[in-house]
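First the structure, in the form of structure tokens, and then the observations on it.
Please treat every number below as a calculation from the coordinates, not as lab data. Quick caveat: nothing in here was measured; it's all calculated off a predicted structure. Here the Cβ is made from the backbone with ideal geometry for all residues, glycine too, and neighbour counts use every protein chain on show.
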Number of protein chains: 4
Amino acid sequence: MTGAVSRKSFGSDNHAGTHPAVMRAIVEANAGDAIPYGGDPWTEKAIGEIRRLSGAQGEAYLVLNGSGANVLGLGLLLGRHEAVICAESAHINTDECGAAERVLGTKLLTVPAQDGKLTPELIATRFVGRGDEHFAQPGVVAITQSTEFGTCYSLDELRAIKEFCAANRLRVFLDGARLANAAAYLGCTLADLAGNADVLSFGGTKNGAMGVEAVIVMHAADTPNARYLRKQHGQLSSKMRFLGAQFDALLTDDLWLANAAHANAMAARLATGLAEIPGVEVVYPVQSDVVFARLDPNHIAELQRDWIFHVWDEGASVVRWMTAFDTQESDVDAFLSDIAAAAGVVRV
Amino acid sequence: MTGAVSRKSFGSDNHAGTHPAVMRAIVEANAGDAIPYGGDPWTEKAIGEIRRLSGAQGEAYLVLNGSGANVLGLGLLLGRHEAVICAESAHINTDECGAAERVLGTKLLTVPAQDGKLTPELIATRFVGRGDEHFAQPGVVAITQSTEFGTCYSLDELRAIKEFCAANRLRVFLDGARLANAAAYLGCTLADLAGNADVLSFGGTKNGAMGVEAVIVMHAADTPNARYLRKQHGQLSSKMRFLGAQFDALLTDDLWLANAAHANAMAARLATGLAEIPGVEVVYPVQSDVVFARLDPNHIAELQRDWIFHVWDEGASVVRWMTAFDTQESDVDAFLSDIAAAAGVVRV
Amino acid sequence: MTGAVSRKSFGSDNHAGTHPAVMRAIVEANAGDAIPYGGDPWTEKAIGEIRRLSGAQGEAYLVLNGSGANVLGLGLLLGRHEAVICAESAHINTDECGAAERVLGTKLLTVPAQDGKLTPELIATRFVGRGDEHFAQPGVVAITQSTEFGTCYSLDELRAIKEFCAANRLRVFLDGARLANAAAYLGCTLADLAGNADVLSFGGTKNGAMGVEAVIVMHAADTPNARYLRKQHGQLSSKMRFLGAQFDALLTDDLWLANAAHANAMAARLATGLAEIPGVEVVYPVQSDVVFARLDPNHIAELQRDWIFHVWDEGASVVRWMTAFDTQESDVDAFLSDIAAAAGVVRV
Amino acid sequence: MTGAVSRKSFGSDNHAGTHPAVMRAIVEANAGDAIPYGGDPWTEKAIGEIRRLSGAQGEAYLVLNGSGANVLGLGLLLGRHEAVICAESAHINTDECGAAERVLGTKLLTVPAQDGKLTPELIATRFVGRGDEHFAQPGVVAITQSTEFGTCYSLDELRAIKEFCAANRLRVFLDGARLANAAAYLGCTLADLAGNADVLSFGGTKNGAMGVEAVIVMHAADTPNARYLRKQHGQLSSKMRFLGAQFDALLTDDLWLANAAHANAMAARLATGLAEIPGVEVVYPVQSDVVFARLDPNHIAELQRDWIFHVWDEGASVVRWMTAFDTQESDVDAFLSDIAAAAGVVRV
């Protein structure tokens, strides 16, 4: 059987397959018996490395996907009655079918956020009614890095949020499904990012893994619930060595950073090319592996005949073009040619 | 890195790795881009085949693990206020950390069940208070095939439960984490088994897959919730082709049946050998891939120095010995030798 | 002991006590023993009358308070995975501490709504992603009548919503905590209003009762869950005769309408008086028992020394003044005098 | 309208109405306006008195009924992933329709308990799998005083449970729907009982109130969730003065103890009379306001023609006869006469 997609998809970084080194690690982990549920050496190694790189004093937990990581991470920080402040554009608000509400019973207090980024000022807009039992009580602020619009918080911006939250009895959860892209963009370490959260997810799937995410708990005091909630939430893998092996490969020789840096570079190449095409407007700063662009609806329709990508906002005629670890320069260039052609431009 | 376990484990069928044909299918599915979340041809093929083999008029859904399958399956059948009747020994009651209660908010009405098998009579013992708002109201009966004790319901027994439930406004959920072992033991088709349930899980992980289960919805009327609940429960895989490919391999040339039949045969070989060892008592009929045995606590301790297995009931001195698709006759024989030696028997 | 408030409060209609006729009914119901949990004649009579007045083909259920009524009512209509479309200003969104999310696990899809009133057009703005498992799926539209801003949907507006919802596979829940005020304002029957909902609450507490609300289920098909969910949600009263007696009194000689009409008239009197006071702006149409007004922050502070009321929006300098069944014309006039004095106006 | 029951019911202590002093307090609280949601002087006085009598360092919260009190109390003590150990006969397990599971998502780990009373040994039987993520993890032990069988834990028994729990990282929740009856039976103070729990409910409804219970939090550290959870659970009363007034009356001149002592005495009188009637066997020690008795099924049927009571266990031919604050000696004697007559005995 051949795959579903003949040309490189710009639809999402999860249209890509598994990085060869990750696949090799999976195959090599298929060696006889192993203790299940994480009692295997692959998982042990992955967890140790994740803790070392992130500087976590708590534990790290491998889970099966991004929604699972987000719901578990929030659950570790939320008091039973508490709500979450997040950007309107947050993945937990827009893309997870209400999973946080369903599984945690929490309420999301959303804030319209330019470029998908919260600020202390924006967070404070949801403080109305704190201490009044009729109002939902925020306990956690959830941020995404890199954001759903492909932008990155600077380390200063992250620190400002963390300090503001600490001063206001709020914990910080960081959705790091694309944290590697942010580390690559900012040129910082995992610890630089993780240090500004109380709990974070650290994505593998969108960065060359087959399917694995880590939930990193920065403080030991937040861990007692974790193993049990992971099980209750259906996020405990039986043959977990095959999750551990994926992170082992990603964390060997900084493959996680290399994959992300490459995807970022391909998005940057795309954005650079777009700058030369009249009628195509890049609408967010390109700081990770994605380009949001506004172009003529007719041109969008024409491009979708040959290429796979999402129309992000039909009303605004904005599309999302996403690269991945395996996007080639030639893919970008071919895509740019077709965009230019659709836009009626003859590229030299 | 080498695996954690040097000799064949008799600890569980999830100590085993991935069947080579399944692994091959996974590697082959790593071919370029594919539509995520199930829009790929591997998943489409797997779903089609599962529906065909089970005779489902509804849909089938790939999920990430057994707890996820159970909670989703129950959720599709339960009214918002309803409870579940199940055996005390049911996996959902004893081994999932209270996941059904946590995620579904349901109550389990348990029944002590000989050999792990419910009967209409046993089910009826939990009918007290039906129609009285103070009592939890059963809406679903959950059975396991093969059971947690390795026994199998006959098709007649399953049919009797299904008819009794239908006559008493109860739906049937079947936990089929080891359904293949039952099909192999009974010599029946998947449809023979599935026809006696409203929703069932169909396990891959314990039967040679890397990590995948299917939730099969027999009636179309029970499907409208399913895709959304799968997402909310964190059971929607992003790069789902790697789940689809696993089932594709298992369902090719009846590998699922061959794997299960082999594991069953190894358990039978073990049981046959045990019959010749004095002081070791097999405590449940051996009808799948597991042997429960009672033996001297000192002999258990001695065996555990070299072999991996679970003490099931310390008070009763009962152990669980489980085979898998990759258990070899020589593994069984070596284990039997050591059991005999521990029991002070010289085997010829 | 004397009460907490020396002058008539304009803080809320629940600052008022119990109407004398209701209190009399409670005292009279204290006659010997009665079957609990609703098996008493007072409850039976109340339920019968509520069904008759509303035209419900389903059942009516007495509950303990407004949040309980809303959560139960929504729970009867929502599929397990479904979300609720409601106005941003909806009580369930702003005033119940996230109860619907906590108890039902649902998500609220909010819409900014002028005057607190939804329209088909506004509802349709939350249809993005219907059928896509990543998006929360609306199953119920929740409206409030009279609204949190004191406005009333006309019967035509209600009908338009009902028809739009029916055409779009959505059910209608109506939060009728102040439904009596709307009936009085519109001069319509309870059935006129109830007929535009699938399930509604019908408030007693804010209309002279001590503490009781009804959940009215218009269609028999929506009732099977109801008694059990009421119990699970902690809304089943033990000595329910004292709830039944309250509604008996309210429904005798249309006391419910008289109380509401009186409160409405007092709000209208207040609004009329305000029109003569410069610097005080009534910000919503006055169509029930409440007046929202914008005035100078200093004048607000001065008034709060003597009178009890809420500052609704501190930034906008808007206050909420609410009347009740027991507000006297002299209360309104005294309040108007003080408002005028605060505003620096000498009233004649 | 006259009440539903012509002769004194022995069906339950909630068949009784409201004690006259409580009703008087309710009527007197109907004096003008009051701050809602507990900001009134009646509630303030009640809370203060409950804290003083119980010795609570935390807060006390008035709620609307017993199920609401139990679910709130458990919710304050349970970690998000934790389960509850309780007797099989516990009201939360048998009589609340699965409310704890539904609202809290917790699992009840039940223990068969002689006379409805747990012991450290019985509690320890549910310790299997602590620390293993596959097993539900107990976090709270729930006991009932007086129990569902009318028996009372001695203070020594309570202390033994509390110390055992403290030594085993378990919190104690005490369901005190009939705590007054236990205090009256044991001749102890509320503080004597409350000191052996971390959180407890303190019942009013079954002891002469119209409908009110208190949740008492013994340690301040357990209170931060409480007001918000009460609201989310639908247990926050709007016109709360009418709840406060009930407790004010019950706590004035120890009416709560007098009511309970009277009900206890009536049950004791009944038991004493039964001792003289052959063929009637009292099956539990009579230590509160209830008598469980075994008698001939035909005699039960005959008695039910004239008297209201529950058949507790049809198979065992056991009935429950319950007294109340307003049971008269003449009621008991008339009932005894009829029991004797049904049993074919001529009483002198």
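Of note:
- At R0 = 45 Å, FRET efficiency that the Cβ-Cβ distance of C:Val345 and C:Ala191 yields, to 0.05: 0.50
- Theoretical FRET efficiency, 1/(1+(r/R0)^6), r = Cβ-Cβ of A:Gln304 and C:Asp254, R0 41 Å, to 0.05: 0.10
- Sites matching trypsin sites (Lys or Arg not before Pro) across region D:244-337 that sit in DSSP coil, with at most 12 neighbouring C-beta atoms within 10 Å: D:Arg305
- What separates the B:Asp156 label point from its copies, with the point 7 Å along Cα to Cβ, is 5.8, 7.2, 8.1 nm, written shortest first.
- Convex hull volume per residue in cubic angstrom - Cα atoms of region B:12-91: 149 Å³
- Given 13 as the ceiling on other Cβ atoms within 10 Å, longest exposed-site-free region of chain D for GluC sites (Glu not before Pro) in DSSP loops: D:89-275
- Antiparallel %, DSSP beta bridges [both residues in the protein assembly as shown], to 5: 55 percent
- Computed from the C-beta positions of D:Glu314 and D:Gln114 and an R0 of 25 Å, the FRET efficiency is 0.75 to the nearest 0.05.
- From helices alone, the protein assembly as shown scores -11000 deg cm²/dmol at 222 nm; the rule is -39500 (n - 2.57) for each run of n ≥ 4 DSSP H residues, then divide by the residue total.
- Distance from region D:267-303 to region A:177-214 (C-alpha centre basis), Å: 69 Å
- Charge dipole (chain A, unit charges on Cβ, about Cα centre) - positive-most of A:Ala166, A:Ser6, A:Ser337: A:Ala166
- Straight-distance candidates among the lysines for linking to A:Lys107, with alpha-carbon spacing under 22 Å and chain neighbours fewer than 8 residues away dropped: A:Lys117, A:Lys162, B:Lys231, C:Lys107, D:Lys231.
- Placing +1 on the Cβ of every Lys and Arg and -1 on the Cβ of every Asp and Glu, with no other charges, gives region B:247-335 a dipole of roughly 240 debye about its Cα centre.
- Residues of type lysines that C:Lys8 reaches as a straight line, Cα spacing below 23 Å, ignoring anything fewer than 8 places off in the same chain: C:Lys206, D:Lys45, D:Lys239
- Antiparallel DSSP beta bridges within chain A, as percent of all bridges there, nearest 5: 55 percent
- Put simply, the Cα atoms of region D:189-348 extend 60, 36, 30 Å along their principal axes, the longest span coming first.
- Dimensions in Å of region B:90-185 - Rg and Dmax from alpha carbons: 13.5, 44
- Convex hull volume per residue for region A:8-53, taking Cα atoms only, in Å³: 118 Å³
- Loop trypsin sites (Lys or Arg not before Pro), region D:117-222, which have at most 16 other Cβ atoms in a 10 Å radius of their Cβ (DSSP): D:Arg130, D:Arg169
- Tail fraction, Cα-Cα pairs, the protein assembly as shown, threshold 66 Å, whole percent: 12 percent
- Each distinct pair of alpha carbons in region C:285-348 adds a 1/r term; the inverse of their mean, the Kirkwood radius, is 12.4 Å.
- Cα-projected label distance for D:Ser6 with B:Val282, points at 7 Å along beta-carbon direction, nm: 6.9 nm
- Of D:Leu229, D:Leu200, D:Leu270, the one that fluctuates the most in a GNM where chain D has Cα springs shorter than 10 Å: D:Leu229
- In units of the compact-protein estimate 2.2 N^0.38 Å, region A:129-263 shows a Cα radius of gyration of 1.14.
- Region D:46-155 gives an Rg/Rh value of 0.98, both radii derived from C-alpha positions and Rh following Kirkwood.
- The rotation axis taking chain A to chain D passes closest to the C-beta of one chain A residue; that residue and the distance in whole Å read A:Arg80, 3.
- Convex hull volume per residue in cubic angstrom - Cα atoms of chain B: 140 Å³
- Region D:112-221 - share of DSSP beta bridges that are antiparallel (%, nearest 5): 40 percent
- If the Kirkwood radius is taken over C-alpha pairs of region D:197-259, then at 25 °C and 0.890 mPa s the Stokes-Einstein diffusion coefficient equals 191 µm²/s.
- The charge dipole of region A:32-124, taken about its Cα centre with unit charges on the Cβ of Lys, Arg, Asp and Glu (plus for the first two, minus for the last two), comes to roughly 180 debye.
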